[in-house]
Structures are given as C-alpha cells and as structure tokens.
1. Checking the condition surrounded by fewer than 21 Cβ atoms within 10 Å (Cβ to Cβ) and small (Gly, Ala, Ser), which residue from ALA255, ALA232, ALA210 passes?
2. So which residues in segment 114-141 are closer than 17 Å to LEU175 by Cβ and among the polar types (S, T, N, Q)?
3. Condition first: of a type in the set (Lys, Arg) and part of a loop (DSSP other than H, G, I, E, B). Can you find one or more residues in segment 16-30 that meet it?
4. Hey, does segment 15-30 have a residue that's more than 24 Å from LEU244 (Cα to Cα) and touching a residue at least 12 places away in the same chain (Cβ under 8 Å)?
5. So which residues in segment 151-170 are in contact with a helix residue (DSSP H, G or I) (Cβ under 6 Å, 6 or more places away or on another chain) and not polar (S, T, N, Q), if there are any at all?
6. Which of (1) on the phi > 0 side of the Ramachandran plot; (2) under 13 Å from the mean Cα position of the chain (by Cα) does GLY199 not meet, given it meets every other one?
7. Checking ALA117 against (1) among the small types (Gly, Ala, Ser); (2) touching a strand residue (DSSP E or B) at 6+ places or on another chain (Cβ under 9 Å); (3) without any contact (Cβ under 8 Å) to a residue 60 or more places away in the chain; (4) closer than 24 Å to ALA91 by Cα, which test does it fail?
8. Determine whether GLY173 is in contact with a strand residue (DSSP E or B) (Cβ under 8 Å, 6 or more places away or on another chain) and surrounded by fewer than 17 Cβ atoms within 10 Å (Cβ to Cβ).
Amino acid sequence: MIKGTGVAIVTPFGKNNEVDVASLKKLINFIIEGRVDFIVSLGTTSEAVCLNASEQQLVMDVVVETVDKRMPVIMGLGGNNTQSVVDKIKATDFSSIDGILSVAPYYNKPNQRGIYAHFAEISNNCPVPVILYNVPGRTSSNISTTTCLRLANDFDNIVAVKEASGDMSQVMGILKNRPRDFSVLSGDDALTFPMMALGGDGVISVLANAFPRQFSDMIRLCLDDNFTDSRAIHYSLLEFVDLLFADGNPAGIKAALEIMGIMGNNLRLPMTCVENEHYRKIESFISNYKQL
C-alpha cells in the first residue's frame with residue numbers, strides 16, 4: 001500500500017523564471033532528511049501546467065536523480081483529454097517512477113460514467129500504480145464514493161485516492177467500503193488529522209515542503225493510533241496551513257521556503273507572490289515555531 005507522508009513538491013524558479021535545478025535538489029534533500037515516505041512531482045503545487053514538456057522532463061529527471069531510489073517517486077500525470085493522457089503514458093519512461101497521480105478530468109465536467117471510463121483507459125494503459133486525485137474545488141468534477149469504489153475494485157493497479165473533496169461523509173464512505181489494499185490519502189493538510197482518525201492511510205501534503213519532519217511525525221503517530229500526541233502537532237501547525245492557502249497555492253509555501261532559505265520566492269503567471277503583509281505573517285509563524 002502507498003501510505004504515510006507524501007510531499008507534493010514545488011518547482012523552484014530563478015529570477016529569470018527558469019527552473020532552478022540547484023534549489024530543487026536542495027528542497028528534495030531537505031524533504032528526505034525530514035523522514036517523509038514518498039515524493040510527488042508535477043502535481044498542482046509544482047505549477048506543472050505552467051511548465052512546457054521539456055521543463056516537465058527536466059524536473060522529473062532531477063527528482064529521480066536526486067532521490068536516487070531513497071524513496072518512491074510519484075509523477076503527476078493527468079488531464080481532461082483522455083487520449084492525450086494515454087498518449088503521454090505511452091511516451092513516458094517509467095523505469096524510475098513508482099506510480100502516477102492522476103487528477104479527475106477538469107473543465108469539461110463529465111458525469112460519473114465518463115469519469116469511470118476515463119480512469120479505466122488510464123488504468124488499462126499504465127504500467128505503474130495509479131493514484132486517483134479528487135479535488136472538486138479545482139476541477140468542478142467530483143469522483144463520487146460509488147465511482148471511486150468501483151475503480152478500486154475493478155482495477156488492480158488503481159491503488160489509492162488522494163481525497164481533497166472536503167466532504168468527510170464521502171471520505172468515510174470510501175474508508176468503510178474500500179478493498180483491503182486500497183489507500184485513502186488526505187489531499188488537504190488541515191483535514192489530515194481527522195481523516196487519519198477515521199482510518200486514513202496518509203497524506204500528499206503541501207505543508208510538508210516546509211515542515212517535513214513535524215508533519216511526517218504526526219502521520220506516524222496516527223498510524224500507531226497515538227492520537228493524543230499527533231493531535232498536538234496538528235494544532236501546532238493548523239495556523240500555518242491557513243497561512244499557506246490564504247493567498248493561493250503554491251504562493252504561500254514558496255514564501256515560506258524563501259523565508260527558510262531553501263529557494264527563491266518566484267512563481268509563474270497567473271500565480272503571483274503573496275502580499276507583503278501576508279508574507280510577514282508567514283515569517284512570524286516560522287520564527288515563533290522554530291523557537292518552540
């Protein structure tokens with residue numbers, strides 16, 4: 001099973017908006033030293049939609065080389081044109097990639113039959129495990145409990161879902177009825193602790209770019225049924241979660257990583273940096289948290 005703490009890593013950019021390879025390597029090593037369980041590249045937080053094909057390949061090459069098999073690497077590979085996704089799968093070298101994270105089709109808003117058929121095509125053509133990504137707030141396309149469970153039962157290589165619907169009733173329905181070897185991962189840092197308490201298996205986190213050790217400690221404590229100590233970590237970081245997403249993702253986490261000296265605070269349009277007042281709030285939290 002895919003479980004524990006996964007990190008949806010950002011893509012650092014230089015002052016001329018080029019991919020900052022040195023900072024990307026620094027970030028990956030920082031995250032690995034934080035004892036996380038796997039890395040997710042080219043997800044939403046990576047600004048993948050603002051990278052051209054050669055830049056996406058560069059990012060994956062750097063990630064694979066830097067991780068150097070120290071932990072699993074998951075590649076974001078999805079879209080709203082099923083055939084294009086399948087074509088990209090067929091063109092990808094998966095020799096050093098351990099799975100894909102594939103988002104629900106966005107913008108064209110398919111019904112549940114269309115969502116099922118979309119992921120069925122992906123499953124039938126993908127040589128590595130598939131993690132479904134349900135994030136209706138971004139896609140306007142919810143993978144329902146019924147559809148998620150059908151996919152989990154019908155396809156052996158659909159092994160997990162990153163659930164970011166925010167609907168705890170839906171999450172509980174999946175957790176209650178899922179196959180034994182199907183993982184349910186939180187896609188919302190703020191809801192990770194309650195999802196773990198309900199029986200979740202881990203998270204694909206934004207926050208863990210900045211605090212990998214603390215967040216992965218919380219997940220391990222949850223997996224050990226120690227919800228007293230894990231709850232303390234959850235509440236200690238809850239304000240930070242709000243700060244990270246208040247002015248857009250990955251604007252918040254990139255500001256935090258600059259403050260921590262890991263990378264520059266550069267984004268590609270249409271994303272823009274957080275405002276100065278918000279930046280100071282993130283800076284204040286990090287300073288106070290380090291003192292604790």
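1. Details: ALA255 fails: surrounded by fewer than 21 Cβ atoms within 10 Å (Cβ to Cβ); ALA210 fails: surrounded by fewer than 21 Cβ atoms within 10 Å (Cβ to Cβ).
So the residue among ALA255, ALA232, ALA210 that is surrounded by fewer than 21 Cβ atoms within 10 Å (Cβ to Cβ) and small (Gly, Ala, Ser) is ALA232.
2. The one that is closer than 17 Å to LEU175 by Cβ and among the polar types (S, T, N, Q): ASN134.
3. No, because not a single residue in segment 16-30 is of a type in the set (Lys, Arg) and part of a loop (DSSP other than H, G, I, E, B).
4. The answer is no; no qualifying residue exists.
5. LEU151, PHE155, ILE158, VAL161, GLU163
6. GLY199 satisfies every listed condition except (2).
7. (2)
8. Against the criterion (in contact with a strand residue (DSSP E or B) (Cβ under 8 Å, 6 or more places away or on another chain) and surrounded by fewer than 17 Cβ atoms within 10 Å (Cβ to Cβ)), GLY173 does not qualify.
The values are calculated or read from the model by the stated rules, or taken from the named source; none is laboratory data. What you are looking at is a predicted structure, and each value in this text was computed from that prediction instead of being measured. As a convention, Cβ positions derive from the backbone with ideal geometry for all residues, glycine included, and neighbour counts pool all protein chains shown.
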